[in-house]
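**Student:** Have a look at the structure that comes next, please.
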Amino acid sequence: MKKVLYTIGGLVLIAILIKLVLLGLFFQKVPVATFGVRQHLFGAGGVVDKDYAMGYHFSFRPLYKWHMLDQRMHVIHFVGKDAAQQQLSNNIRLRKTMHIRTRDNNIAYLDVSVLYSIIPDEAHQIVQDGIQSSYQDRAQSTMEGVLRAELAKLTSEGYQDTDKRMELQGTTATVLNTLLAPFHLKAESILIRGLQFQTEYESKLQDKQLQKQLSKLEEAKLGQFEEEKITKGMEKEIQAAVKIAEAEWDKLLQELRSTNEIAIAKIDAQTVLYVKTTKAEADRAYTESEARAKLLLQLEEAKRIEGLTAALSEPGGDYYNAMQAIQGLQFNRIIVNSNRDGAVDPLSIEDVLRRLLPQEKAGQ
């Protein structure tokens, strides 16, 4: 088993070695952010008219030579009065501050940064011209000449104006691109980073700038005063408008309140009228019902009396009346005198009836 594993490992290692040899022998790697330029070593082919991008490209080593040019942005900083030239990296250089004599004959110290790059699809022309190792030096010398000539076109006061300074940077870049084009380079931007004059003039300039700032401050104060006047006027107008609006709202509210009060009074009056009308109707209905009931009672009483009268007028009615009269009698004292002729025996109902009723009926 171990023998099989060793065999497989050996085959894999051999395959990797073969791949590396083939890649190294038949392919060329162009790194990231790099222009690859291929050159024939034999025959009249020379430099191929093509910039090769990042990646692997077929190339038999004994027949071709490759040149790698930096595709990134190149920068030259003109900063520091006493700084010596330094190559900070493959594409960044450091130079001394530019000494410029302005149009009004003052010495200005300018810190300037210039960004430039190789024009795409022209890297192979740099190799064809044989300047692949010196194009940065040529760019630097060209920039120094152009900057000294173009940056001297402003006066000392002109450099203090941002718009004029920006405009100068644009025109300088245009001139610089015209002179860099033969080297297949292009300036992307020029930035004036710092400005300083000689000590005596710098002191005067600072005083002058101070006076300008004080003048602008006074103008600002005057503007503030005018704005405050406008603001106060607007405040008064707003206050007046608010008072007018409040008065209108008060009037409207009062009108609405009066309208509501009138409506409420109407509703109250209608309610009172309805209550009185309903009560009067109820009283009338009650009175009518009560009168109708009394009438019915009276009719019933009359019928009862009529019936009673009719019943009493029948035979036996007198007897009934006599019985009622007897039941209603009350004797406080009874004197029994049997010696008196014709005396009534209170204990004899018949004797009482004989005296109360007619003789013919009493006998019955």
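**Student:** Restricting the search to segment 82-119, which residues are more than 18 Å from Ser141 (Cα to Cα) and modelled with pLDDT under 95?
**Tutor:** Within segment 82-119, Asp82, Ser89, Arg101, Thr102, Arg103, Asp104, Asn105, Asn106, Ile107, Ala108, Tyr109 qualify.
**Student:** Still on this model: Identify the single condition in (1) aliphatic (A, V, I, L, M); (2) within 54 Å of the chain's Cα centre (by Cα); (3) not assigned by TED's automatic domain parsing to the domain that holds Arg138 that Leu94 does not satisfy, given that it satisfies every other one.
**Tutor:** (3)
**Student:** Now, a different point. Pick out, from segment 111-195, the helices (runs of 4 or more DSSP H) lying fully within it that include 1 or more residues that are closer than 19 Å to Met73 by Cβ and in contact with a helix residue (DSSP H, G or I) (Cβ under 7 Å, 6 or more places away or on another chain).
**Tutor:** Counting at least 1 such residues, we get 123-128, 135-150, 162-180.
**Student:** For segment 58-86, what are the residues that are part of a strand (DSSP E or B) and within 53 Å of the chain's Cα centre (by Cα)?
**Tutor:** Answer for segment 58-86, where residues must be part of a strand (DSSP E or B) and within 53 Å of the chain's Cα centre (by Cα): Leu69, Asp70, His74, Val75, Ile76, His77, Phe78.
**Student:** Can we say Ala265 is surrounded by 10 or more Cβ atoms within 10 Å (Cβ to Cβ) and over 30 Å from Glu157 (Cα atoms)? Steps first, please.
**Tutor:** Numbers: surrounded by 10 or more Cβ atoms within 10 Å (Cβ to Cβ): yes; over 30 Å from Glu157 (Cα atoms): yes.
Considered against the rule, which asks whether it is surrounded by 10 or more Cβ atoms within 10 Å (Cβ to Cβ) and over 30 Å from Glu157 (Cα atoms), Ala265 comes out as yes.
**Student:** Have a look at Ser203, Ser215 and point out the one that is among the hydroxyl-bearing types (Ser, Thr, Tyr), more than 30 Å from Ile131 (Cβ to Cβ), surrounded by 11 or more Cβ atoms within 10 Å (Cβ to Cβ) and not assigned by TED's automatic domain parsing to the domain that holds Arg103.
**Tutor:** Ser203
**Student:** Moving to a separate point now. Is segment 196-215 home to any residue that is within 38 Å of the chain's Cα centre (by Cα), in a helix (DSSP H, G or I) and of a type in the set (Phe, Trp, Tyr)?
**Tutor:** Checked against the condition, which is being within 38 Å of the chain's Cα centre (by Cα), in a helix (DSSP H, G or I) and of a type in the set (Phe, Trp, Tyr), segment 196-215 yields no hits at all.
**Student:** Taking the conditions exactly as written (closer than 18 Å to Asn177 by Cβ and out of contact with any Leu (no Cβ under 8 Å at 6 or more places or on another chain)), does Gln140 satisfy them or not?
**Tutor:** Against the criterion (closer than 18 Å to Asn177 by Cβ and out of contact with any Leu (no Cβ under 8 Å at 6 or more places or on another chain)), Gln140 qualifies.
**Student:** Search segment 116-152 for residues being farther than 25 Å from His99 by Cβ and acidic (Asp, Glu), and hand back the single one that is surrounded by the fewest Cβ atoms within 10 Å (Cβ to Cβ).
**Tutor:** Filtering segment 116-152 for residues that are farther than 25 Å from His99 by Cβ and acidic (Asp, Glu), the one surrounded by the fewest Cβ atoms within 10 Å (Cβ to Cβ) comes out as Asp121.
The values are calculated or read from the model by the stated rules, or taken from the named source; none is laboratory data. Everything quoted here is computed from the prediction, not taken from an experiment. Because the Cβ atoms are built from the backbone with ideal geometry, glycine has one as well, and the counts that use them run over all protein chains shown.
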